[in-house]
Amino acid sequence: SAQDYYTTDCFMMRLNLATVSTGLNEDEIGANLGQNIPNPFNGSTMVPFTLSNSANVEFVVMDVTGKIVEKQGLGNLQAGQHNVPFASNDLAGGIYYYSVIVDCI
């Protein structure tokens, strides 16, 4: 389409906010990711999650650009509640996103 953009020397990003579904539900996978405590945090926080079945788990933290700033292989965890400690000592203040990647066994 014919759209005009105003550009500067600043980095700019255009977001497509269309609703997209992956077709997967956390409950179907057997995992539930919780809110980090405390939030906001300064220094360290805990990220709770629950597994319905034992699984190989990885914890990933990304900045707002999608760059992975932390990756922890948690290994094979049993079903139940778990917490991942996260320390932001080397990171600039800002907004970060976290994921728990579950590979069901």
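From the list V61, V69, V57, which residue is within 13 Å of N32 (Cα to Cα) and either surrounded by 14 or more Cβ atoms within 10 Å (Cβ to Cβ) or of a type outside the set (S, T, N, Q) (or both)?
The match here is V57.
Select from the stretch 75-94 the residues that are at pLDDT 90 or above and either open to solvent by less than 50 Å² (accessible area, probe 1.4 Å) or touching a Pro at 6+ places or on another chain (Cβ under 6 Å) (or both) and write down the one among them that is farthest from G34 (Cα to Cα).
G75
The values are calculated or read from the model by the stated rules, or taken from the named source; none is laboratory data. Because the structure is predicted, anything quoted here is derived from the model rather than measured. Counting neighbours? That spans all protein chains shown, and the Cβs are built from the backbone with ideal geometry, glycine included. Side chains included, ligands, DNA and RNA excluded: accessible areas come from the protein's heavy atoms. Shrake-Rupley method; radii C 1.70, N 1.55, O 1.52, S 1.80 Å.
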